[in-house]
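No lab work stands behind these numbers, since they all come straight from the coordinates. All figures in this text were calculated on a predicted structure; none of them were measured in a lab.
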Amino acid sequence: MLSKFEGLITATALDGVSRIFGYVHLPGTQTRIAVGLDEKEVLVRAYRAMWTALSQLGIVAVLVLLSIWFGGEWLLMQPIRALANTAGRIGRGKDRAHAAELPWAAEIVPLAVAFDDMAAKLSAREQELRDSNAQLRELAQIDGLTGLANRRAFNEHLMAEWKLAAKLRQPIAILMIDVDFFNNFNDHYGHVQGDACLRKVSGVLMEGTRVRATGTAGIIEAELPPSFQRMIESTRKPDFAARYGGEEFAVLLQGATLTPHCLSPSGCDKGSRIC
């Protein structure tokens with residue numbers, strides 16, 4: 001203490017207790033005033049204050065982290081998840097709502113607007129693809145000259161109707177039609193008139209299928225129960241006409257048998273089943 005005017009020292013007092021002494025010089029004298037505190041008590045208080053401060057700092061840090069987490073969850077993650085769910089619903093065709101109209105945070109609105117623009121473009125592309133597919137299906141199944149089904153479509157329809165007729169035990173028939181002397185007609189009058197002739201024949205076939213669809217739709221076996229007859233009538237479709245190739249046509253008839261029905265006895269050739 002005498003070597004300095006003031007300071008702190010740790011010393012063991014005469015009573016054997018280790019104390020921390022703080023001292024200061026009295027001006028104009030050689031005297032020092034010293035105050036000693038029990039070192040253990042001082043350290044206990046210091047440790048207690050230190051742990052209290054660390055605990056408060058930890059609590060503040062946890063609260064800050066929780067605030068950041070909840071704020072990010074509510075302000076950022078939830079809108080992003082909702083936007084992703086909306087994108088999934090729109091992608092599956094289950095939702096056509098505009099994302100920008102939903103209650104987003106201000107930071108998410110530009111993203112939602114951009115998403116709406118992208119969804120609109122995708123919807124337009126999807127509609128164009130549907131239209132193109134429809135045109136391709138039409139080109140693949142419709143004869144461009146006559147407007148009737150083509151041979152491929154007729155074969156597919158025949159297979160489906162054949163299975164249905166076998167399942168319901170319903171008669172089915174096919175008309176194979178060939179235009180006589182068509183090549184001579186085409187060579188004499190030209191291809192334009194030949195095409196008009198084929199369209200004329202296809203118009204007659206179309207009209208015939210409509211007439212038979214609105215009239216008696218075929219022969220139903222009398223021994224079938226009325227409920228089964230009604231089921232057959234409900235499943236029967238109009239006759240299916242197609243251009244089979246060149247000047248050949250085919251007509252698929254449901255519920256038709258080979259039994260001839262003539263307007264008069266003279267309308268049938270003797271020994272023939274064709275009227």
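The Cα-based radius of gyration and maximum Cα-Cα distance (Dmax) for the stretch 164-205 are 16.3, 49 Å. For the stretch 155-162, 3J(HN,Hα) computed residue by residue from phi via the Karplus equation (6.51, -1.76, 1.60; θ = phi - 60°) reads 5, 5, 5, 4, 4, 5, 5, 5 Hz, glycine and proline entered as x.
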